[in-house]
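All remarks here apply to the structure that follows.
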Amino acid sequence: MPSIDADTPLPSSEGITETSSSPASPVNRQRTPSVSITPPSGRTRGESHELTSAIGNIRLSDTNGRATLSPEPRRSRNGTPRRRRSSTGAVEQHDVADEELPDDAFHSPEFQGAFRDAKQLMSNIQSVLGSSNIHEAHESTMGKLHEDAGRLAAFEYPATRTVGFVGDSGVGKSSLLNSLLDTKGLARTSNNGEACTCVVTEYHYHSRDTLDIRVNLFSIEELQDQLGRLLQVYRTFELHRDEITDAAERQDMEANAKVAKDTFQAMFRGRLTDEAFLIRESYGDVLDRLTRWAADARPSPLRTWTGLSPQVCSNILMALSSEPASRDSPATWPYIRSIKVFLNAHILSRGLILVDLPGLRDLNSARRIITERYLLECNEIFAICNIGRAATDEGVHQVFDLADRARLSNVGIVCTRSDDIDPEESIRDWPGRRARHIEQLLEYIETTNKEIEELKADIEDYEAADLSEHERRELAECREDLRQASIRKQNYDFELKEYLITTRNRIIIDSLTNTYAGRVTDSRVFCVSNTIYWQNRTARKSEAERYLHLSGILQVRKHCISIVANSQRRIATQYMKDQIPALLADIELWVQSGARTASEERREALCQTLDSVERRLRKDFASRAFCRLARGYNEDFTEYVYNNRHVSSWSRSAKNASQDWAGWHHSKLAMSQRFSTKE
């Protein structure tokens, strides 16, 4: 009778308790059973299986393959269905187009119908107001009303929204864009710390399967103007640095001079060997020489590549938007106004434009200036950082500082490498309940690994000998036990990975929302793993789905898709609920004031039209679609206004002010009151 190894860990009674013993050896094998929760006995494998079938089991996985702790009767081996491939042999993979879409009231038939009706009503109003020549009178009220009605009748909501991604070199920004675009290797990544993004790169939608690149360069005149301004800044500082006494002014001028120097070095690398001539020769002579150099190095004004594969497109982008491999070759990026990449990506199909931006802490100050200017034009901004340094990442701080200076409230955070987490370190970092749960999962994995190794050894022993019919049945049972143990192992591995990732994600999100309280909400903070996404992107759909969701990429993609519709909804709702009623009120006021220049018949026609419009609007505003819009408005108000009130900051300021006032003498308070009364 085989003995039980006292060192073999037993599963916790709180966890999964399925057991599987190795077979009794018909060829005199002596092997330790992999797991047992009952006293050892001399049962054969068949007897053990009958007992297991009789007492039931703990379910290994639900319909999604996720490990659970809920009971489920074990299926007999003979009745276990085998997964079959399709007749073509193709494996069904995840389809981005099937991902859950955000709640989209804007594209609902009710909303679109109300929007069309509102525009038609404005067209009717315009026709009524223009049915006579009254509106043609110079600076007449009717003329202005007619013009306003025409403007509202022609109203169109914006077709596109722009989302900018900015982050330091090496944080995974380009990898994130590749994942969101679902195109591997498109935006080139760097592992050597060098910047891969030296120019703003926009990703636009088109319906073809191939990719296009459109590069627009600065004209010679524009380059000469830029060079002139940069040269003036550089010469002013270098020639007059000793005359600058104010420290702040000196710091600003030195920073601007560095921008100029970095740009010159990038554009004229290999030629600008003597920087002294920039200040030694006259301004006009230096500018003429720099302009000639720029004309020689400048590519053709407009360059377009079409019908590209992702790999060829990536190579071209690398050559255009990055520093050249040779330190003696001039860079192309200073000559580029914009790079636009057109591709058939689901995330772009509704009007979204994704923009890859250089980092705000880029060593080249010229690239930093490019990013700062472009961020002001984005509808939403994501600061990208490594999850391990998220709370202290200086690049994220600078993005929020820039947003504060520009009064932007549309900043989010994406933390990359969410999968980079060690369970042993997590046990030390998270003592208590979370550490115990991790230890339990590690124990399950270790136990299952031992079971798998013993089953493999048993199978090897069986396969090395001539088997009887009974032994062949036991070999089949061993193989089935190995398959089931492998499934358990996969489920335990995923459960551990999921617990580690989701637990840390929650900790990081809470930390960031506290660090940037009032400036970002948890709905705009995401944690992603590009590694998990691409490791499972082409796997069988049924096996890959849980990993793709765990990667966080699907959640970011869903949020980005919602940006366009949410923005269009807000603008269109404002049009229907604010702008149209405002025009109707102006027209009604004009009618009630007498409208001396219009006949009684014309005023009556206007009144009837206004009554019809009002009834139609009231009907539309009472519909279910507008009830949903009202809820959406409340949600928008909560996110963009109520949550951004900076209550704690106001409270601290008020408290400090009251403490200052408390120390004032009553005569000072009286004087303050007297002056405020006079004012």
Give the long-range amide H neighbours of GLY412: residues separated by 5 or more places, or on another chain, with amide H under 5 Å away, using H modelled in the peptide plane at 1.01 Å from N. ILE381, PHE382, ALA383
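Using Cβ contacts closer than 10 Å as the measure, can you line up SER562, SER282, SER338, SER551 from fewest to most?
Working: SER562 18, SER282 8, SER338 15, SER551 26.
With the sparsest Cβ surroundings first, the list reads SER282, SER338, SER562, SER551.
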If R0 is 30 Å, what FRET efficiency do you get for ASN449 and TYR499 from their C-beta distance, rounded to 0.05? 0.95
Surrounding net charge for ILE561, when Lys and Arg each add one and Asp and Glu each subtract one, Cβ distance under 14 Å: -2
State, as an integer percentage, the relative contact order of region 221-293 based on alpha-carbon contacts under 8 Å between residues 6 or more apart. 46
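Please compute the net charge surrounding LEU408, taking Lys and Arg as +1 and Asp and Glu as -1 over other residues with Cβ under 14 Å from its Cβ.
Numbers: positive: ARG373, ARG405, ARG407, ARG519, ARG524; negative: GLU372, GLU377, GLU380, ASP401, ASP404.
So the surrounding residues net to 0.
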How large is ³J(HN,Hα), in whole Hz, for each residue of region 448-465 in order, when computed from phi with the Karplus curve 6.51 cos²θ - 1.76 cosθ + 1.60 and θ = phi - 60°, using x for Gly and Pro? 5, 4, 5, 4, 5, 4, 5, 5, 4, 5, 4, 5, 4, 5, 4, 5, 8, 10
If you put +1 on each Lys and Arg Cβ and -1 on each Asp and Glu Cβ, how big is the dipole of region 221-293 around its Cα centre, in Debye rounded to 20? 320
Can you figure out the FRET efficiency of PHE155 with ALA97, using R₀ = 45 Å and their beta-carbon distance, to the nearest 0.05? 0.90
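Report the net charge of residues surrounding ALA260, where surrounding means a beta-carbon distance below 12 angstrom and charges are Lys +1, Arg +1, Asp -1, Glu -1.
Numbers: positive: ARG229, ARG235, LYS258, LYS261; negative: GLU238, GLU254, ASP262, GLU275.
Taking every other residue near ALA260 into account, the sum is 0.
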LYS558 paired with THR245, simple spin-label distance in nm, labels 7 Å along Cα-to-beta-carbon: 6.4
Just to check I understand the Karplus step: with θ = phi - 60° and J = 6.51 cos²θ - 1.76 cosθ + 1.60, what whole-Hz values come out for region 480-486, glycine and proline as x? 5, 4, 5, 4, 5, 5, 5
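Work out the FRET efficiency for ARG405 and ASP225 from their Cβ-Cβ distance, taking R0 = 25 Å, and round it to the nearest 0.05. Mind dumping the intermediate values first?
Numbers: r = 26 Å, r/R0 = 1.05.
For R0 = 25 Å, the calculated efficiency reads 0.45.
May I ask you to compute the full-extension gain from ALA476 to SER131, defined as 0.36 nm times their residue separation minus their alpha-carbon distance, rounded to one decimal in nm?
Full-extension gain reported as 115.3 nm.
Rank the residues LEU455, LEU177, LEU402 as a footprinting-exposure proxy: fewest other Cβ atoms within 10 Å of their Cβ go first. If you can, show how the numbers build up before the last one.
Numbers: LEU455 26, LEU177 23, LEU402 19.
The order, fewest Cβ neighbours first, is LEU402, LEU177, LEU455.
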Signed unit charges on C-beta, dipole axis of region 107-191, positive-most listed residue GLY170, MET142, ALA114: GLY170
Give me the extension gain from ARG214 to GLU275: residue separation times 0.36 nm, minus the current Cα-Cα distance, reported in nm with one decimal. 18.6 nm
What are the GluC sites (Glu not before Pro) within region 103-152 that DSSP puts in a loop, where the Cβ has at most 11 other Cβ atoms within 10 Å? GLU139
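All of the numbers you see were taken from the coordinates with simple rules; none came from a lab. Nothing here was measured: the structure is a model prediction, and the numbers come from that model. Methodologically, a virtual Cβ is constructed for each residue, glycine included, from the backbone with ideal geometry; neighbour enumeration extends over all protein chains shown.
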